[in-house]
Amino acid sequence: MVVKSEVLLKWLRTLRYLAEGYPVEPELRGWSWQSPPVRPRSYLGLAVQDVASYCPTRRDTWLRRVVGVRAQPTPPMRVGLEVHGVVTSVTAVLRRYLFSNYSPAVLSREVEKAVESHTKNCPTRECAQVVRGVGWLTYHTLVSDWLWSSYGVMPVPAMALFSELRVDGSPIGLSNNMRVDAIPMANVVVDLKTGKRSDVHELALAAYALALEASLEAPVDYGLLVYVWWNGALQVETRGVYIGPDLRKSFLDARDEVIDMLLTKREPQVAVDCPQTCPYLEVCRVENPSS
Ligand code: SF4
């Protein structure tokens, strides 16, 4: 992952004040999945993106799940896929190194191979630059955190061990095969983003936190959104989020609205302010030429 432990710890100091002033009630924890409001009205195996949708009317969810439209990823989505892919691949190389006798030269060659396997899939030069930058930053961050931990200065960097985790979200109505970018500490979930900042990213953090709580029976109160983009050089911005009562309620309300929409098969309107990166632009324009 591209964020050092010290950045994460700095955010946690700030977020802890919020948590102390406005704690999460037990009924809003993921482990309360047997009773409302966490218990869903129906178990549809929703993807996080079905609930935390970038479409203002969630018409993309309806198109995917009711109509059965399969859209090809747009170039911005391809950047996101390759960025996530390179983090997974480089982390896997590091993990193998930590438990083997690789020499540093072999490690470096393995990381290079992992990075290039993703840059070559990029549709644009800028995509390749972001992917290469994120791949090497992941490597340097994990190695430096590991070295600091070996001197006892930092905790052992769980980022190297607990990233790209599969989580069962079915107790709260989500998919039984969710993927969480990283859990660097027991009570923190990290989500890596390549697009514009959006409030729905916070909803996604709430989804991951509730699913983790349902699986692990341990509180997950904090989220870290990590944005990466290219602007002549790799840019990285982090934002800490307290996954408090209001955010949890917003996610649960949104989840229930999606369940209602899918059970009734009610068709949402075409949005008036569609993001130009939406892969369904052609579909919605064909169906509603006035949009
Ligand atoms: S084109 Fe607009 S209305 Fe259609 S799914 Fe995309 S954002 Fe939603």
* Out of region 88-113, which residues are assigned to a helix (DSSP H, G or I), surrounded by fewer than 17 Cβ atoms within 10 Å (Cβ to Cβ) and not β-branched (Val, Ile, Thr)? -> ALA92, ARG95, ARG96, LEU98, PRO104, ALA105, SER108, ARG109, GLU112, LYS113
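Confirm whether LEU28 is aliphatic (A, V, I, L, M) and under 14 Å from LYS249 (Cβ atoms). Full working, then the answer.
Working: aliphatic (A, V, I, L, M): yes; under 14 Å from LYS249 (Cβ atoms): yes.
In short, yes.
Would you check if ARG78 is in contact with a helix residue (DSSP H, G or I) (Cβ under 8 Å, 6 or more places away or on another chain), basic (Lys, Arg) and within 16 Å of the ligand (Cβ to nearest atom)? Outline the logic, then answer.
Values: in contact with a helix residue (DSSP H, G or I) (Cβ under 8 Å, 6 or more places away or on another chain): yes; basic (Lys, Arg): yes; within 16 Å of the ligand (Cβ to nearest atom): no.
No: the conditions fail for ARG78.
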* Report, by residue number, each residue of region 192-242 that is under 19 Å from ASP50 (Cβ atoms) and among the charged types (D, E, K, R). => LYS193, ASP199, GLU202
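Those residues that are touching a strand residue (DSSP E or B) at 6+ places or on another chain (Cβ under 6 Å) and either within 16 Å of the ligand (Cβ to nearest atom) or assigned to a loop (DSSP other than H, G, I, E, B) (or both), I need them from region 29-57; list them, please. If you could, list the steps in order and put the result at the bottom.
Looking only at region 29-57, we keep the residues that are touching a strand residue (DSSP E or B) at 6+ places or on another chain (Cβ under 6 Å), and these are 46.
Of everything in region 29-57, nothing turns out to be touching a strand residue (DSSP E or B) at 6+ places or on another chain (Cβ under 6 Å) and either within 16 Å of the ligand (Cβ to nearest atom) or assigned to a loop (DSSP other than H, G, I, E, B) (or both).
Rundown of residues vs (1) without any contact (Cβ under 8 Å) to a residue 60 or more places away in the chain; (2) away from the ligand (no atom under 16 Å from the Cβ), yes/no style:
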{"residue": "THR61", "(1), (2)": "no, no"}
{"residue": "GLY68", "(1), (2)": "yes, no"}
{"residue": "SER89", "(1), (2)": "yes, yes"}
{"residue": "PRO104", "(1), (2)": "yes, yes"}
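For residues that are within 15 Å of the ligand (Cβ to nearest atom), assigned to a helix (DSSP H, G or I) and either in contact with a Lys or Arg (Cβ under 6 Å, 6 or more places away or on another chain) or modelled with pLDDT of 90 or more (or both), tally how many sit in region 263-291. Full working, then the answer.
Applying the first criterion (within 15 Å of the ligand (Cβ to nearest atom)) to region 263-291 yields 266-291.
Cutting the leftovers down to assigned to a helix (DSSP H, G or I) gives us 281-287.
Applying the additional criterion that residues be either in contact with a Lys or Arg (Cβ under 6 Å, 6 or more places away or on another chain) or modelled with pLDDT of 90 or more (or both) yields 281-284.
Count: 4.
The values are calculated or read from the model by the stated rules, or taken from the named source; none is laboratory data. As the structure is a prediction and not an experimental result, all values here were calculated from the model. Virtual Cβ from ideal backbone geometry, glycine too; neighbours counted across all protein chains shown.
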